[in-house]
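Readers should treat all values here as calculations from the given coordinates under stated rules, not as data from a laboratory. Predicted, not measured: the structure shown is a model, and the values here were computed from it.
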């Protein structure tokens, strides 16, 4: 049986950006305006949720925080509340040896 492939442009997306897309874009813009300054960007209900959000920011999983490594993020527990802190460092993070 022959396999047939066709090269063609992708159809336009019908997905509407979510409110969180806009919120993340606004947060990233504000962080870029003050490079290297840490900012508390989220409060989460669970420690694991804060850690996941920090991971998504660091690794550029959330589109507003791309390219991966342009932002640093950490989760912190303060008085039994769970927060995400982030900062813009530009390009790749210093931890990988490049700047």
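Numerical summary
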read-out	value
Potential extension, residue 7-residue 79 segment - 0.36 nm per residue separation minus Cα distance	20.3 nm
Principal-axis tilt of helix 19-33 within the chain, Cα atoms, nearest 10 degrees	60 degrees
Length-normalised contact order for the chain - Cα pairs under 8 Å, 6+ apart - percent	27 percent
Kirkwood Rh (inverse of mean 1/r, distinct Cα pairs), the stretch 28-93, angstrom	11.5 Å
